[in-house]
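**Student:** One structure, pasted below without further comment.
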Amino acid sequence: MAASDQAELTIDLAALAANYKTMQKNAGQAATSAVVKADGYGLGMAQIAPALFDAGCTTFWVAQLNEGISLRGLLPDAVIYVLNGVPSGTAAQFEAHDLRPCLITLAQVEEWQSHCQASKPLLAALFVDSGFNRLGFGEIEIAELMAQPNIFEGWELCLIASHLACADDPTHPMNGAQLERFRNALAVLPKAPASLANSGGIMLGADYHFDMVRTGTMLYGCSATAKEEDALTPIAYLRAPLLQIRQLSAGDSIGYGATFTASGEMTIGIASLGYGDGLSRHFGNQSPSPIRFTIDAQPVSLLGRISMDSLAIDLTNLPKMPSVGDMVEIFGHDNPIDRLAQQGNTISYELLTSLGSRYNRIYK
Ligand SMILES: *Cc1c(COP(=O)(O)O)cnc(C)c1O
């Protein structure tokens, strides 16, 4: 077989399905819906969403209308919620593609209502802001909504949802405060099924589950707490082949800006993956503790700046010296994605959604 100079992104759809089943167990009595925004967290909504549907997931969430339209093309029978709600003038598109907006402002509710009155009663969710201060109805806006006579006529309120800001930290007081505010909102609003928890919220326990939970990151094998031991089975494996191995002497430098200088004899490898593939240039030269990848399960350090197409790693004195063509694991099995994210001062969500399009993508 010919060698490849392409990095390889392997996505394990069987592990995805297994993680979905685990999250169903974690969610107890609540229905388990899946969040597939941003192209399925960068892993490919076209493959991710049908695999989740086959695993028994019937309800999905995206952020934008366009994502909803794409998803409808993939899953004709799924329930699809759009988190950004209904931008002005788009209600007919929601109806045409059978999408449910999460209404976030009074203007959106009014627009949905007038569209429905001219067409037919269509389903929509109401998004409550319980303290995140991102999207949705806060306490004041809920009072304004409830002061409008007949605002809930002509359309069907099918879900009331909100989102937690600090579910990644089970000890954070925001969790309890948001739970209480969400309960207060539910007490004031018309009766409808409720949804509060994302992956982290699911792990906070039954109080947070309500009727439906929304899981994203844990399905994709990432931790909701940023602790690698809290993650389920990895589903994404990123590996890059070594293009060249070279010897350095004391005083030799590596890469753009010559930011790393060898203090003695070194063996380095050049791997075929760079910031053009979504691995941030900020990852280069993190001193005193450089970013680590693995090769044949052996940790190796990143050296110097990341180039657009390649990066350098330290192979000096490795017990099992690799050869050109061998794969460096950027993240996956031996180097968990949450560990890499932590070393790079980011989160696994960002690593996944930054993934490039140049890889050889393998779905299994
Ligand atoms: C992205 C998102 C989720 C999924 O969160 P995870 O932490 O990935 O499980 C759930 N709900 C809302 C509103 C979101 O924006």
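The values are calculated or read from the model by the stated rules, or taken from the named source; none is laboratory data. For clarity, every value in this text was computed on a predicted model and none was experimentally measured. When we count neighbours, we look across all protein chains shown, and the Cβ atoms used for this are built from the backbone with ideal geometry, even at glycine. To get the accessible areas, we keep the full protein, side chains included, count just its heavy atoms, and leave off ligands, DNA and RNA. Shrake-Rupley method; radii C 1.70, N 1.55, O 1.52, S 1.80 Å.
**Student:** Quote to one decimal, in nm, the extra length available between I140 and S114 on full extension: 0.36 nm per residue of separation minus the C-alpha distance between them.
**Tutor:** 7.1 nm
**Student:** Next up: Enumerate the amide H contacts of T316 below 5 Å, restricted to partners 5 or more residues apart or on another chain; note that Pro and chain-start residues carry no placed amide H.
**Tutor:** Residues meeting the criterion, in which the H sits 1.01 Å from N, are T267.
**Student:** Still on this structure: Residue-wise, which Karplus ³J(HN,Hα) couplings in Hz belong to the range 324-338, taking 6.51 cos²θ - 1.76 cosθ + 1.60, θ = phi - 60°, and x for glycine or proline?
**Tutor:** 3, x, 5, 9, 8, 7, 6, 8, x, 8, 7, 10, x, 4, 5
**Student:** Something else about it: When a/c reaches 1.5 or more, the comparison of a/b and b/c decides; with that in mind, is the range 235-364 rounded, prolate or oblate per its Cα gyration tensor?
**Tutor:** prolate
**Student:** Treating each Cα of the chain as an identical point scatterer and ignoring solvent, apply the Debye formula and state log10 I(q)/I(0) at q = 0.09, 0.10, 0.13 Å⁻¹.
**Tutor:** -0.58, -0.69, -1.00
**Student:** Step through the residues of the range 125-139 one at a time and calculate ³J(HN,Hα) from phi using the Karplus curve (6.51 cos²θ - 1.76 cosθ + 1.60, θ = phi - 60°), rounding each to whole Hz and writing x for Gly and Pro.
**Tutor:** 9, 10, 9, 9, 8, 9, x, 6, 6, 10, 10, x, 8, x, 4
**Student:** So how strong a dipole does the chain carry about its Cα centre when Lys and Arg Cβ are +1 and Asp and Glu Cβ are -1, to the nearest 20 debye? Walk me through the numbers on the way to the answer.
**Tutor:** Working: 22 positive and 36 negative charges, 61 e Å.
Dipole of the chain, to the nearest 20 debye: 300 debye.
**Student:** Same structure again: Pairs of lysine in the chain with Cα under 22 Å and at least 8 positions apart or on different chains: total?
**Tutor:** Total qualifying Lys-Lys pairs in the chain comes to 6.
**Student:** Using a 7 Å offset from the Cα along the Cα-to-Cβ direction at both K25 and T171, what is the distance between the two label points in nm, to one decimal?
**Tutor:** Each label point lies 7 Å from its Cα, and together they span 2.8 nm.
**Student:** Still on this structure, please answer the following. Around L351, with a cut-off of 12 angstrom between Cβ atoms, what is the net charge of the other residues, counting Lys and Arg +1 and Asp and Glu -1?
**Tutor:** Cβ neighbours under 12 Å give a net charge of -2.
**Student:** Suppose only helical runs count, i.e. DSSP H with n ≥ 4. What mean residue ellipticity at 222 nm does that imply for the chain under -39500 (n - 2.57) per run, divided by all residues and rounded to the nearest 500 deg cm²/dmol? Can you show the working numbers first?
**Tutor:** Values: 11 runs with 99 residues, N = 364.
Rounded to the nearest 500, the figure is -7500 deg cm²/dmol.
**Student:** Residues with amide H under 5 Å of R361's amide H, sequence separation 5 or more or different chain, H placed in the peptide plane at 1.01 Å from N; which?
**Tutor:** Sorted by chain and number, the residues that satisfy this are L9.
**Student:** Further question: Relative to 2.2 N^0.38 Å, what does the C-alpha radius of gyration of the range 254-313 come to as a ratio? Two decimals please. List each step's numbers first, then the result.
**Tutor:** On the way: Rg = 10.9 Å, N = 60, 2.2 N^0.38 = 10.4 Å.
Cα Rg divided by the expected 2.2 N^0.38 Å: 1.05.
**Student:** Taking a ≥ b ≥ c as the square roots of the eigenvalues of the Cα gyration tensor of the range 13-222, is the shape rounded (a/c under 1.5), prolate (a/b larger than b/c) or oblate?
**Tutor:** Judged from the Cα gyration tensor, the range 13-222 comes out oblate (a/c at least 1.5, b/c at or above a/b).
**Student:** Which residue, S162, S119, S348, has the most motion in a Gaussian network model of the chain that connects Cα atoms within less than 10 Å?
**Tutor:** Taking springs between Cα atoms under 10 Å, the residue moving most is S119.
**Student:** How would you order 330-340, 212-222, 10-20 from highest to lowest mean count of nearby Cβ atoms within 10 Å?
**Tutor:** My ranking of the peptides, most packed first, is 212-222, 330-340, 10-20.
**Student:** Using per-residue counts of other Cβ atoms within 10 Å, averaged over each peptide, order 137-149, 350-362 from highest down.
**Tutor:** Highest-to-lowest ranking by the protection proxy: 350-362, 137-149.
**Student:** Can you grab the distance from the C-alpha centre of the range 61-100 to the C-alpha centre of the range 171-242, Å, no decimals?
**Tutor:** 22 Å
**Student:** Once phi is turned into ³J(HN,Hα) by the Karplus curve 6.51 cos²θ - 1.76 cosθ + 1.60 with θ = phi - 60°, what whole-Hz value does each residue of the range 186-195 show in order, with x for glycine and proline?
**Tutor:** Going residue by residue, I get 4, 5, 8, 7, x, 5, 7, x, 10, 8 Hz, with x marking Gly and Pro.
**Student:** In the range 236-335, what percent of the accessible surface is made up of carbon and sulfur (1.4 Å probe, ligands and nucleic acids excluded)?
**Tutor:** Carbon and sulfur together cover 47 percent of it.
**Student:** Highest first, please rank the peptides 185-192, 69-76, 318-325 by the mean number of other Cβ atoms sitting within 10 Å of their residues. Let's see the in-between values first.
**Tutor:** Values: 185-192: 13.9, 69-76: 16.0, 318-325: 12.0.
Most protected by this proxy first, the peptides run 69-76, 185-192, 318-325.
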